[in-house]
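Taking it in order: structure first as structure tokens, then the write-up.
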Amino acid sequence: QVQLVESGGGLVQAGGSLRLSCAASGRTFSRYAIGWFRQAPGKEREFVAAIRGSGGRTSYADSVKGRFTISRDNAKSTAYLQMNSLKPEETAVYYCAAGLAYPVISITGYDYWGQGTQVTVSS
């Protein structure tokens with residue numbers, strides 16, 4: 001069982017940056033790949049980025065490549081999503097998820113989900 005808690009969301013102007021955190025419970029954090037997803041109002045939840053359990057290997061949606069960076073600190077059981085050059089259309093609830101397979105861009109590939117953190121990008 002893994003419990004995930006996201007934090008770091010908020011209101012930012014277009015072009016600004018935010019760093020999201022995903023804190024996990026349990027001693028097996030390094031076994032799990034972590035994915036970040038986002039869901040805007042009226043839209044489906046979409047893949048943003050993923051990182052392998054041991055770290056090192058990452059995957060990104062084309063729309064965020066070069067602007068977002070996913071990372072993790074297994075000693076702290078925490079994953080991060082650094083978001084730069086944010087755009088208004090990236091306003092959404094951002095979720096982190098944990099799963100045993102990597103890389104997985106489908107929501108069905110993850111076993112555990114956080115409650116989400118709101119990111120609002122103003123124009």
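The values are calculated or read from the model by the stated rules, or taken from the named source; none is laboratory data. A quick note: this is a predicted structure, and the numbers were derived from the prediction, not measured. Neighbour counts run over all protein chains shown; Cβ positions are idealised from the backbone, glycine included. Side chains included, ligands, DNA and RNA excluded: accessible areas come from the protein's heavy atoms. Shrake-Rupley method; radii C 1.70, N 1.55, O 1.52, S 1.80 Å.
From the residues in region 96-119 that are outside any loop (DSSP other than H, G, I, E, B) and in contact with a helix residue (DSSP H, G or I) (Cβ under 9 Å, 6 or more places away or on another chain), which one is most open to solvent (accessible area, probe 1.4 Å)?
It comes out as Trp113.
Identify, from the list Arg57, Arg38, Arg19, the residue that is modelled with pLDDT under 95 and of a type in the set (D, E, K, R).
Just a single option satisfies the conditions, and that option is Arg57.
Considering only region 72-90, state which residues are buried (at least 17 other Cβ atoms within 10 Å of the Cβ) and either of a type in the set (Lys, Arg) or more than 19 Å from Tyr32 (Cα to Cα) (or both).
Across region 72-90, the qualifying residues are Arg72, Met83, Leu86, Glu90.
Looking at Glu90, Glu44, Glu6, which one is closer than 22 Å to Ser123 by Cα and among the charged types (D, E, K, R)?
None of the other options fit; the residue is Glu90.
For the condition small (Gly, Ala, Ser) and free of Cβ contacts under 8 Å to residues at least 40 places away in the same chain, what is the one hit in Gly114, Gly99, Gly56?
When all the criteria are applied, what remains is Gly56.
Scan region 32-71 residue by residue and report those that are surrounded by 14 or more Cβ atoms within 10 Å (Cβ to Cβ) and charged (D, E, K, R).
Answer for region 32-71, where residues must be surrounded by 14 or more Cβ atoms within 10 Å (Cβ to Cβ) and charged (D, E, K, R): Arg38, Arg45, Glu46, Arg52, Arg67.
Restricting to region 31-89, name every residue that is in a loop (DSSP other than H, G, I, E, B), of a type in the set (Asp, Glu) and within 21 Å of Trp113 (Cβ to Cβ).
Correct list: Glu44 only.
Looking at (1) open to solvent by less than 20 Å² (accessible area, probe 1.4 Å); (2) in a strand (DSSP E or B); (3) of a type in the set (A, V, I, L, M), which is the only condition Val93 fails?
Condition not satisfied by Val93: (1).
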